[in-house]
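Chemist: I'd like to ask you about the structure that follows.
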Amino acid sequence: MLTYALYFAFGCYGLGLLFCLWRIAKGPDSADRILALDTMVINVIALLVLYGIWRGTAVYYEASMLVAMVGFVSTVAYCRFVLRGDIIE
């Protein structure tokens, strides 16, 4: 039963990644693109956690923490670039 739930979750988060990719490509504003990129990071984190559950190892949980930290920093940097035109003052 857990296997079917994992397959369903993989499919849902994969579909969510495709929708976010579509929003990045067709977004009417840069704020929509930033939000879609941040949502993609969250979906990748969820996929890494699900893969860790499926494989039964804790390495993917640590990888998801690294992706979360890099995703947060990249989102903040991209927002600062859009708002101010420069990342480092």
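Every number here is computed from the coordinates shown, using simple stated rules; none is lab data. All values derive from a computational prediction rather than experimental measurement. Here the Cβ positions follow ideal geometry from the backbone for every residue, glycine too, while neighbour counts run over all protein chains shown.
Chemist: Considering the range 29-79 alone, what residues qualify as being touching a Phe, Trp or Tyr at 6+ places or on another chain (Cβ under 8 Å) and small (Gly, Ala, Ser)?
Modeler: Ala46, Gly52, listed by residue number.
Chemist: Among the residues of the range 45-66, count how many are within 30 Å of Arg84 (Cβ to Cβ) and crowded, with 16+ Cβ neighbours inside 10 Å.
Modeler: Counting residues in the range 45-66 that are within 30 Å of Arg84 (Cβ to Cβ) and crowded, with 16+ Cβ neighbours inside 10 Å gives 1.
Chemist: On the given criteria, is Leu21 under 29 Å from Arg80 (Cα atoms), surrounded by 13 or more Cβ atoms within 10 Å (Cβ to Cβ) and not small (Gly, Ala, Ser)?
Modeler: Taking the combined requirement at face value, the residue satisfies it.
Chemist: Which condition from (1) exposed (fewer than 13 other Cβ atoms within 10 Å of the Cβ); (2) in contact with a Phe, Trp or Tyr (Cβ under 6 Å, 6 or more places away or on another chain); (3) in contact (Cβ under 8 Å) with a residue 40 or more places away in the chain is the one that Leu6 breaks?
Modeler: Every condition holds for Leu6 apart from (1).
Chemist: In the range 20-61, which residues are farther than 24 Å from Val73 by Cβ and either of a type in the set (A, V, I, L, M, F, W, C) or part of a loop (DSSP other than H, G, I, E, B) (or both)?
Modeler: Trp22, Pro28, Ile53, Trp54, Gly56, Thr57
Chemist: Restricting the search to the range 1-18, which residues are within 16 Å of the chain's Cα centre (by Cα) and either within 14 Å of Val44 (Cβ to Cβ) or not in a helix (DSSP H, G or I) (or both)?
Modeler: Ala9, Phe10, Cys12, Tyr13, Gly14, Leu15, Gly16, Leu17, Leu18, listed by residue number.
Chemist: Does the range 24-34 hold any residues that are surrounded by fewer than 17 Cβ atoms within 10 Å (Cβ to Cβ) and either within 14 Å of Met69 (Cα to Cα) or within 13 Å of the chain's Cα centre (by Cα) (or both), and which are they?
Modeler: Of everything in the range 24-34, just one residue is surrounded by fewer than 17 Cβ atoms within 10 Å (Cβ to Cβ) and either within 14 Å of Met69 (Cα to Cα) or within 13 Å of the chain's Cα centre (by Cα) (or both), namely Ile24.
Chemist: Just one of (1) out of contact with any helix residue (DSSP H, G or I) (no Cβ under 6 Å at 6 or more places or on another chain); (2) in contact (Cβ under 8 Å) with a residue 12 or more places away in the chain; (3) of a type in the set (Gly, Ala, Ser) trips up Ala68, so point out which.
Modeler: Unmet for Ala68, out of (1) out of contact with any helix residue (DSSP H, G or I) (no Cβ under 6 Å at 6 or more places or on another chain); (2) in contact (Cβ under 8 Å) with a residue 12 or more places away in the chain; (3) of a type in the set (Gly, Ala, Ser): (1).
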